[in-house]
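Undergrad: Would you mind keeping the following structure in view while I ask a few things?
The values are calculated or read from the model by the stated rules, or taken from the named source; none is laboratory data. Quick caveat: nothing in here was measured; it's all calculated off a predicted structure. Positions of Cβ are backbone-derived with ideal geometry, glycine not excepted, and every protein chain shown enters the neighbour counts. Heavy atoms of the whole protein, side chains included, go into the accessibility calculation; ligands, DNA and RNA do not. Shrake-Rupley method; radii C 1.70, N 1.55, O 1.52, S 1.80 Å.
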Amino acid sequence: MTRRRNLEQHRQSLAEIRDIMNSMKTLAYMETRKLARFLEAQHAVVRSIEAVAADLLSFHPETLPEVKETTPVYLLIGTERGFCGDFNHALINSLETTLHTQAENSPMLIAVGHKLYTLLEEDERVVSRIDGVSVVDEVTSMLLRVVSELTALQDKHGVLTVYCIYHSDNDGILTHKLLPPFDRFLHCTPGFPLPPVLNQSPKAFLIELTEHYLFAALHEMLYTSLSAENHYRVAHLEGAVRHLDDESEDLRKQCNTLRQEEIIEEIEVILLSAASLGEIPGKRSDEHFRSDTHNNK
(Lines give C-alpha, C1' and ligand atoms only; values in the text may rest on other atoms or scores of the structure.)
Protein backbone atom coordinates (compact mmCIF):
# COMPACT_ATOMS: atom_id res chain seq x y z
CA MET A 1 0.00 0.00 0.00
CA THR A 2 2.79 2.41 0.95
CA ARG A 3 4.65 1.79 -2.29
CA ARG A 4 1.52 2.36 -4.39
CA ARG A 5 0.79 5.61 -2.54
CA ASN A 6 4.35 6.80 -3.18
CA LEU A 7 3.96 6.02 -6.88
CA GLU A 8 0.61 7.85 -6.97
CA GLN A 9 2.17 10.91 -5.33
CA HIS A 10 5.08 10.81 -7.78
CA ARG A 11 2.65 10.52 -10.67
CA GLN A 12 0.70 13.52 -9.37
CA SER A 13 3.92 15.55 -9.15
CA LEU A 14 4.77 14.62 -12.74
CA ALA A 15 1.30 15.72 -13.83
CA GLU A 16 1.81 19.14 -12.23
CA ILE A 17 5.23 19.54 -13.86
CA ARG A 18 3.75 18.44 -17.16
CA ASP A 19 1.04 21.12 -16.96
CA ILE A 20 3.65 23.81 -16.24
CA MET A 21 5.85 22.73 -19.14
CA ASN A 22 2.89 22.53 -21.49
CA SER A 23 1.92 26.10 -20.53
CA MET A 24 5.48 27.25 -21.19
CA LYS A 25 5.39 25.55 -24.58
CA THR A 26 2.13 27.30 -25.43
CA LEU A 27 3.55 30.70 -24.46
CA ALA A 28 6.68 30.09 -26.55
CA TYR A 29 4.54 29.14 -29.54
CA MET A 30 2.44 32.31 -29.13
CA GLU A 31 5.65 34.36 -29.05
CA THR A 32 6.80 32.83 -32.35
CA ARG A 33 3.52 33.87 -33.97
CA LYS A 34 3.93 37.43 -32.71
CA LEU A 35 7.56 37.59 -33.86
CA ALA A 36 6.63 36.40 -37.33
CA ARG A 37 4.72 39.65 -37.90
CA PHE A 38 7.59 41.79 -36.57
CA LEU A 39 10.19 39.97 -38.64
CA GLU A 40 8.35 40.41 -41.92
CA ALA A 41 8.25 44.18 -41.45
CA GLN A 42 11.83 44.35 -40.16
CA HIS A 43 13.20 42.39 -43.11
CA ALA A 44 11.55 44.88 -45.45
CA VAL A 45 13.09 47.86 -43.59
CA VAL A 46 16.62 46.41 -43.70
CA ARG A 47 16.37 45.46 -47.37
CA SER A 48 15.13 48.97 -48.18
CA ILE A 49 18.06 50.64 -46.38
CA GLU A 50 20.52 48.32 -48.09
CA ALA A 51 19.03 49.17 -51.49
CA VAL A 52 19.47 52.90 -50.77
CA ALA A 53 23.08 52.35 -49.65
CA ALA A 54 23.87 50.29 -52.73
CA ASP A 55 22.45 53.01 -54.97
CA LEU A 56 24.44 55.73 -53.18
CA LEU A 57 27.76 53.86 -53.16
CA SER A 58 27.47 52.84 -56.80
CA PHE A 59 27.75 56.56 -57.64
CA HIS A 60 29.76 57.79 -54.62
CA PRO A 61 32.13 55.00 -53.51
CA GLU A 62 34.52 57.58 -52.04
CA THR A 63 32.06 58.24 -49.19
CA LEU A 64 32.96 54.89 -47.60
CA PRO A 65 36.68 55.01 -46.79
CA GLU A 66 38.58 51.78 -46.35
CA VAL A 67 39.81 51.30 -42.79
CA LYS A 68 42.68 48.84 -42.29
CA GLU A 69 43.31 48.97 -38.54
CA THR A 70 40.20 47.92 -36.64
CA THR A 71 39.37 46.13 -33.40
CA PRO A 72 37.25 42.99 -33.92
CA VAL A 73 34.17 42.68 -31.71
CA TYR A 74 31.76 39.73 -31.77
CA LEU A 75 28.23 40.24 -30.54
CA LEU A 76 26.78 36.89 -29.44
CA ILE A 77 23.01 36.75 -29.06
CA GLY A 78 22.13 33.95 -26.65
CA THR A 79 19.20 33.27 -24.35
CA GLU A 80 18.06 34.74 -21.08
CA ARG A 81 16.11 31.61 -20.08
CA GLY A 82 16.66 27.89 -20.40
CA PHE A 83 14.58 25.02 -21.82
CA CYS A 84 15.97 25.54 -25.33
CA GLY A 85 18.32 22.59 -25.77
CA ASP A 86 21.86 23.26 -27.02
CA PHE A 87 21.04 26.76 -28.30
CA ASN A 88 23.86 28.53 -26.41
CA HIS A 89 26.43 25.75 -26.75
CA ALA A 90 25.92 25.71 -30.52
CA LEU A 91 26.46 29.49 -30.58
CA ILE A 92 29.80 29.17 -28.77
CA ASN A 93 30.91 26.36 -31.08
CA SER A 94 30.06 28.52 -34.10
CA LEU A 95 32.08 31.40 -32.62
CA GLU A 96 35.16 29.23 -32.17
CA THR A 97 34.84 27.93 -35.73
CA THR A 98 34.53 31.48 -37.06
CA LEU A 99 37.54 32.72 -35.07
CA HIS A 100 39.60 29.77 -36.25
CA THR A 101 38.65 30.47 -39.87
CA GLN A 102 39.20 34.24 -39.79
CA ALA A 103 42.20 34.12 -37.42
CA GLU A 104 41.22 37.37 -35.70
CA ASN A 105 43.77 38.89 -33.33
CA SER A 106 42.54 39.45 -29.75
CA PRO A 107 38.80 39.62 -30.50
CA MET A 108 36.46 41.06 -27.90
CA LEU A 109 33.13 39.43 -27.09
CA ILE A 110 29.81 40.92 -26.04
CA ALA A 111 27.58 38.18 -24.63
CA VAL A 112 23.83 38.78 -24.61
CA GLY A 113 21.67 36.54 -22.44
CA HIS A 114 22.17 35.21 -18.91
CA LYS A 115 22.36 31.56 -19.97
CA LEU A 116 25.02 32.40 -22.55
CA TYR A 117 27.32 34.60 -20.50
CA THR A 118 27.17 32.08 -17.65
CA LEU A 119 28.82 29.59 -20.00
CA LEU A 120 31.48 32.22 -20.84
CA GLU A 121 32.07 33.23 -17.24
CA GLU A 122 35.77 32.24 -17.32
CA ASP A 123 36.41 33.60 -20.82
CA GLU A 124 38.72 36.62 -20.64
CA ARG A 125 37.69 37.76 -24.12
CA VAL A 126 34.25 38.79 -22.84
CA VAL A 127 34.26 42.54 -22.29
CA SER A 128 30.55 43.01 -21.67
CA ARG A 129 27.65 40.90 -20.42
CA ILE A 130 24.12 42.07 -21.21
CA ASP A 131 20.90 40.55 -19.95
CA GLY A 132 18.79 39.14 -22.75
CA VAL A 133 15.07 39.33 -23.39
CA SER A 134 12.20 36.90 -22.88
CA VAL A 135 9.51 38.59 -24.97
CA VAL A 136 9.50 40.80 -28.03
CA ASP A 137 8.44 43.89 -26.07
CA GLU A 138 11.82 43.96 -24.29
CA VAL A 139 13.93 44.01 -27.46
CA THR A 140 14.18 47.80 -27.87
CA SER A 141 15.45 48.45 -24.33
CA MET A 142 18.05 45.71 -24.65
CA LEU A 143 19.12 47.06 -28.04
CA LEU A 144 19.86 50.44 -26.48
CA ARG A 145 22.19 48.74 -24.00
CA VAL A 146 23.99 46.98 -26.86
CA VAL A 147 24.47 50.26 -28.75
CA SER A 148 25.71 51.93 -25.58
CA GLU A 149 28.33 49.19 -25.09
CA LEU A 150 29.48 49.45 -28.70
CA THR A 151 29.79 53.23 -28.39
CA ALA A 152 31.87 52.87 -25.21
CA LEU A 153 34.16 50.32 -26.87
CA GLN A 154 34.61 52.55 -29.92
CA ASP A 155 35.54 55.52 -27.72
CA LYS A 156 38.12 53.35 -25.96
CA HIS A 157 39.56 51.25 -28.79
CA GLY A 158 38.93 53.28 -31.92
CA VAL A 159 37.31 51.94 -35.08
CA LEU A 160 35.51 48.62 -34.54
CA THR A 161 34.72 45.76 -36.86
CA VAL A 162 31.55 44.36 -35.37
CA TYR A 163 30.21 40.92 -36.20
CA CYS A 164 26.95 39.51 -34.90
CA ILE A 165 26.54 35.75 -34.42
CA TYR A 166 22.97 34.60 -33.90
CA HIS A 167 20.49 31.81 -34.59
CA SER A 168 18.07 31.85 -37.50
CA ASP A 169 14.97 29.70 -37.96
CA ASN A 170 15.78 28.53 -41.46
CA ASP A 171 19.51 29.14 -41.98
CA GLY A 172 21.04 27.85 -38.76
CA ILE A 173 23.63 30.06 -37.09
CA LEU A 174 24.57 33.19 -39.04
CA THR A 175 27.56 35.53 -38.80
CA HIS A 176 26.67 39.02 -40.02
CA LYS A 177 29.03 41.99 -40.31
CA LEU A 178 27.45 45.08 -38.77
CA LEU A 179 30.28 47.63 -38.80
CA PRO A 180 31.69 49.01 -41.00
CA PRO A 181 28.51 48.63 -43.03
CA PHE A 182 27.85 48.40 -46.76
CA ASP A 183 31.34 47.14 -47.73
CA ARG A 184 29.84 44.69 -50.20
CA PHE A 185 28.19 47.55 -52.13
CA LEU A 186 31.41 49.42 -52.92
CA HIS A 187 31.90 48.03 -56.40
CA CYS A 188 28.29 47.56 -57.45
CA THR A 189 27.19 48.52 -60.93
CA PRO A 190 24.75 51.47 -60.83
CA GLY A 191 21.17 50.36 -61.20
CA PHE A 192 19.99 53.75 -62.46
CA PRO A 193 21.29 56.08 -65.17
CA LEU A 194 21.45 59.09 -62.82
CA PRO A 195 22.81 59.44 -59.25
CA PRO A 196 20.36 59.94 -56.38
CA VAL A 197 19.31 63.54 -55.66
CA LEU A 198 20.42 64.49 -52.12
CA ASN A 199 19.72 67.50 -49.91
CA GLN A 200 23.08 67.10 -48.17
CA SER A 201 26.53 65.77 -48.97
CA PRO A 202 26.84 62.05 -49.76
CA LYS A 203 29.09 61.53 -46.73
CA ALA A 204 26.65 63.17 -44.28
CA PHE A 205 23.81 61.21 -45.83
CA LEU A 206 25.73 57.92 -45.47
CA ILE A 207 26.47 58.65 -41.79
CA GLU A 208 22.78 59.13 -41.04
CA LEU A 209 21.88 56.09 -43.12
CA THR A 210 24.39 54.02 -41.16
CA GLU A 211 22.74 54.95 -37.87
CA HIS A 212 19.34 53.89 -39.19
CA TYR A 213 20.82 50.72 -40.60
CA LEU A 214 22.51 49.78 -37.33
CA PHE A 215 19.26 50.01 -35.38
CA ALA A 216 17.23 48.28 -38.08
CA ALA A 217 19.75 45.45 -38.54
CA LEU A 218 20.11 44.90 -34.79
CA HIS A 219 16.32 44.77 -34.43
CA GLU A 220 16.19 42.22 -37.25
CA MET A 221 18.88 40.03 -35.68
CA LEU A 222 17.39 40.19 -32.20
CA TYR A 223 13.92 39.34 -33.50
CA THR A 224 15.36 36.51 -35.59
CA SER A 225 17.31 35.09 -32.65
CA LEU A 226 14.34 35.34 -30.29
CA SER A 227 12.12 33.60 -32.82
CA ALA A 228 14.65 30.78 -33.22
CA GLU A 229 15.00 30.55 -29.44
CA ASN A 230 11.26 30.08 -29.01
CA HIS A 231 11.17 27.47 -31.77
CA TYR A 232 13.94 25.63 -29.92
CA ARG A 233 11.97 25.97 -26.69
CA VAL A 234 8.76 24.64 -28.25
CA ALA A 235 10.59 21.59 -29.61
CA HIS A 236 12.48 21.01 -26.35
CA LEU A 237 9.39 21.31 -24.16
CA GLU A 238 7.33 19.18 -26.51
CA GLY A 239 9.87 16.39 -26.13
CA ALA A 240 9.88 16.88 -22.35
CA VAL A 241 6.07 16.72 -22.19
CA ARG A 242 6.05 13.51 -24.23
CA HIS A 243 8.65 12.01 -21.89
CA LEU A 244 6.57 12.94 -18.85
CA ASP A 245 3.45 11.46 -20.45
CA ASP A 246 5.29 8.18 -21.09
CA GLU A 247 6.67 8.09 -17.55
CA SER A 248 3.23 8.87 -16.12
CA GLU A 249 1.71 6.02 -18.15
CA ASP A 250 4.37 3.62 -16.84
CA LEU A 251 3.59 4.72 -13.28
CA ARG A 252 -0.13 4.21 -13.90
CA LYS A 253 0.50 0.66 -15.05
CA GLN A 254 2.68 0.00 -12.01
CA CYS A 255 -0.02 1.40 -9.74
CA ASN A 256 -2.65 -0.81 -11.37
CA THR A 257 -0.42 -3.86 -10.95
CA LEU A 258 0.19 -3.05 -7.30
CA ARG A 259 -3.54 -2.47 -6.75
CA GLN A 260 -4.33 -5.87 -8.24
CA GLU A 261 -1.77 -7.46 -5.95
CA GLU A 262 -3.35 -5.67 -2.98
CA ILE A 263 -6.81 -6.96 -3.95
CA ILE A 264 -5.49 -10.52 -4.22
CA GLU A 265 -3.84 -10.20 -0.81
CA GLU A 266 -7.08 -8.87 0.68
CA ILE A 267 -9.02 -11.84 -0.74
CA GLU A 268 -6.44 -14.23 0.65
CA VAL A 269 -6.69 -12.60 4.08
CA ILE A 270 -10.49 -12.91 3.99
CA LEU A 271 -10.26 -16.58 3.05
CA LEU A 272 -7.70 -17.28 5.74
CA SER A 273 -9.80 -15.45 8.33
CA ALA A 274 -12.87 -17.40 7.32
CA ALA A 275 -10.99 -20.69 7.51
CA SER A 276 -9.65 -19.90 10.97
CA LEU A 277 -13.19 -19.23 12.19
CA GLY A 278 -14.51 -22.46 10.67
CA GLU A 279 -16.58 -20.52 8.15
CA ILE A 280 -15.27 -22.05 5.00
CA PRO A 281 -17.85 -21.39 2.28
CA GLY A 282 -20.06 -24.48 1.74
CA LYS A 283 -19.16 -26.13 5.04
CA ARG A 284 -22.00 -24.63 7.10
CA SER A 285 -24.62 -25.47 4.46
CA ASP A 286 -23.51 -29.17 4.46
CA GLU A 287 -23.79 -29.35 8.26
CA HIS A 288 -27.30 -27.86 8.16
CA PHE A 289 -28.28 -30.38 5.49
CA ARG A 290 -27.10 -33.34 7.61
CA SER A 291 -28.84 -31.93 10.71
CA ASP A 292 -32.11 -31.48 8.91
CA THR A 293 -31.92 -35.00 7.48
CA HIS A 294 -31.31 -36.51 10.96
CA ASN A 295 -34.26 -34.63 12.47
CA ASN A 296 -36.57 -35.79 9.68
CA LYS A 297 -35.64 -39.34 10.44
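Undergrad: Around Ser248, under 13 Å between beta carbons, what's the net of Lys plus Arg minus Asp minus Glu among the other residues?
TA: Net charge around Ser248: -3.
Undergrad: Among Leu271, Leu116, Leu186, whose mean-square fluctuation peaks in a Gaussian network model of the chain (Cα, cutoff 10 Å)?
TA: Leu271
Undergrad: So, one more: Could you please state how large a percent of the accessible area of the chain is carbon and sulfur, counting protein chains only and using a 1.4 Å probe?
TA: Carbon and sulfur: 54 percent of the exposed surface of the chain.
Undergrad: Determine how many Å³ per residue the convex hull of the Cα atoms of the chain encloses.
TA: For the chain, the hull spanned by Cα atoms encloses 201 Å³ per residue.
Undergrad: Continuing with the same structure: Pop the C-beta distance of Glu211 and Arg81 into the FRET formula with R0 = 22 Å and round what comes out to the nearest 0.05.
TA: 0.10
Undergrad: Taking the Cα centre as origin and putting +1 on Lys and Arg beta-carbons and -1 on Asp and Glu beta-carbons, what dipole magnitude results for the stretch 60-103, to the nearest 20 debye?
TA: For the stretch 60-103, the charge dipole is close to 140 debye.
Undergrad: Ok, one more. Length gain on complete extension for the stretch Arg252 to Asp155, per 0.36 nm per residue less the alpha carbon to alpha carbon distance?
TA: So the chain would gain 28.5 nm between Arg252 and Asp155.
Undergrad: Please get the size of the charge dipole for the stretch 26-131, origin at its Cα centre, with Cβ charges of +1 on Lys and Arg and -1 on Asp and Glu, quoted in debye to the nearest 20.
TA: Rounded to the nearest 20 debye, it is 520 debye.
Undergrad: For the stretch 106-242, what size does the Cα cloud have along each of its three principal axes, sorted from largest down, in whole Å?
TA: 62, 36, 27
Undergrad: Take Glu8, project a point 7 Å from its Cα along the Cβ direction, then tell me which residues of the stretch 246-261 have their backbone nitrogen under 16 Å from it.
TA: So the set is 251-261.
Undergrad: Could you work out the Rg to Rh ratio of the stretch 1-133, with Rh taken as the Kirkwood radius (inverse of the mean 1/r over all Cα pairs)?
TA: 1.18
Undergrad: Suppose we keep just the DSSP beta bridges with both residues in the chain; what percent of those would be antiparallel, to 5?
TA: Of those bridges, close to 30 percent are antiparallel.
Undergrad: Also: Which residue, Gly172, Gly85, Gly132, has the most motion in a Gaussian network model of the chain that connects Cα atoms within less than 10 Å?
TA: Gly172
Undergrad: Please work out the average accessible area per residue across the chain, using the 1.4 Å probe convention, and give it in Å².
TA: Dividing the accessible area of the chain by its residue count gives 60 Å².
Undergrad: Here's something else I'd like to know. Picking from Ser58, Ser201, Ser23, which is most flexible by a Gaussian network model of the chain using Cα springs under 10 Å?
TA: Answer for the Gaussian network model of the chain: Ser201.
Undergrad: Taking the Cα centre of the chain as origin, sum charge times position over the Cβ atoms of Lys and Arg (+1) and Asp and Glu (-1), and report the length of that vector in debye to the nearest 20.
TA: My answer is approximately 540 debye.
Undergrad: Another question about this same structure. For Lys177 and Met30, what is the calculated FRET efficiency with R₀ set at 35 Å and r taken between the beta-carbons, to the nearest 0.05?
TA: Working from the Cβ atoms, E equals 0.60.
Undergrad: Using +1 at the C-beta of Lys and Arg and -1 at the C-beta of Asp and Glu, which of Met30, Leu272, Asn199 has the Cα lying farthest in the positive direction of the dipole of the chain?
TA: Leu272
Undergrad: Which one of Ser48, Val73, Met21 is farthest out on the positive end of the charge dipole of the stretch 1-104, using unit charges on Cβ (Lys, Arg +1; Asp, Glu -1) and the Cα centre as origin?
TA: With unit charges placed on the Cβ atoms, the residue in question is Met21.
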